[in-house]
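Right, one structure below, let's go through it.
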Amino acid sequence: ENYTPGHCSPVELTYQTKQKNNEEEHTITTDLLVAADGGNSIVRRLLGTFPTISIGYGRKAVTCTVSLENDIGGIAFQRFQPNGPIALLPVWNNESRDTNAKNYANIVWSTTPEEADKLQKLSDTEFINRINELLQSGPTN
């Protein structure tokens, strides 16, 4: 569904801000409001029910947390595969500044539902080997 000027009712959103002892009320009025602030959208909660557009991309994410042998210095890595990207996202260990503390990262692997189902059936060792193979290899064509 496309936006056509004149075919939408104006939206009015009133909200309050607080800074120290000062509270202010603000109002925004617009002909088009895009509530792209996530699945638990505060904009949708404040405004109540209104039409939404949802698009499926035919992808499923496989996620996990892994322990790393080496510190990756807070750098995220991503490899683009034919079925979708795989990302290694560092997780900081806030509990300890010990240089010997374990390093962790989250894996987010976006792929087809069929491949995701196959990945979830792999043993832990097979899954880790597959992740290492993809992340340590260069880009694919």
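The values are calculated or read from the model by the stated rules, or taken from the named source; none is laboratory data. Being a predicted model, the structure only gives us computed values, none of them experimental. Don't worry about glycine lacking a Cβ; one is built from the backbone with ideal geometry, like all the others, and counts go over all protein chains shown. Areas reflect the complete protein model, heavy atoms only, side chains present, ligands, DNA and RNA absent. Shrake-Rupley method; radii C 1.70, N 1.55, O 1.52, S 1.80 Å.
Provide a single number: the residues in segment 29-60 that are of a type in the set (A, V, I, L, M) and either farther than 18 Å from Pro10 by Cα or open to solvent by 80 Å² or more (accessible area, probe 1.4 Å) (or both).
Filtering segment 29-60 for residues of a type in the set (A, V, I, L, M) gives 32-36, 42-43, 46-47, 53, 55.
Filter again for either farther than 18 Å from Pro10 by Cα or open to solvent by 80 Å² or more (accessible area, probe 1.4 Å) (or both), leaving 32, 34, 36, 42, 46, 53, 55.
Total satisfying the criteria: 7.
Considering only residues of segment 59-78 that are within 16 Å of the chain's Cα centre (by Cα) and not β-branched (Val, Ile, Thr), which is nearest to Leu32 (Cα to Cα)? Spell out the reasoning first.
If we filter segment 59-78 for residues that are within 16 Å of the chain's Cα centre (by Cα), which is where we start, we get 59-65, 76-78.
Imposing the further condition that a residue be not β-branched (Val, Ile, Thr) reduces the set to 59-61, 64, 76-78.
Details: Arg59: 29, Lys60: 31, Ala61: 31, Cys64: 38, Ala76: 35, Phe77: 36, Gln78: 35 Å.
Out of the qualifying residues, it is Arg59.
Specify which of the listed residues (Ile72, Ile53) is within 17 Å of Leu134 (Cβ to Cβ) and at pLDDT below 90. Explain how you work it out, then say what you get.
Working: Ile53 fails: within 17 Å of Leu134 (Cβ to Cβ).
Only one candidate qualifies: Ile72.
So which of Thr63, Thr17 ends up being surrounded by 10 or more Cβ atoms within 10 Å (Cβ to Cβ) and out of contact with any Leu (no Cβ under 6 Å at 6 or more places or on another chain)? Let's see the steps before the verdict.
Numbers: Thr17 fails: surrounded by 10 or more Cβ atoms within 10 Å (Cβ to Cβ).
Being surrounded by 10 or more Cβ atoms within 10 Å (Cβ to Cβ) and out of contact with any Leu (no Cβ under 6 Å at 6 or more places or on another chain) holds for just one of Thr63, Thr17, which is Thr63.
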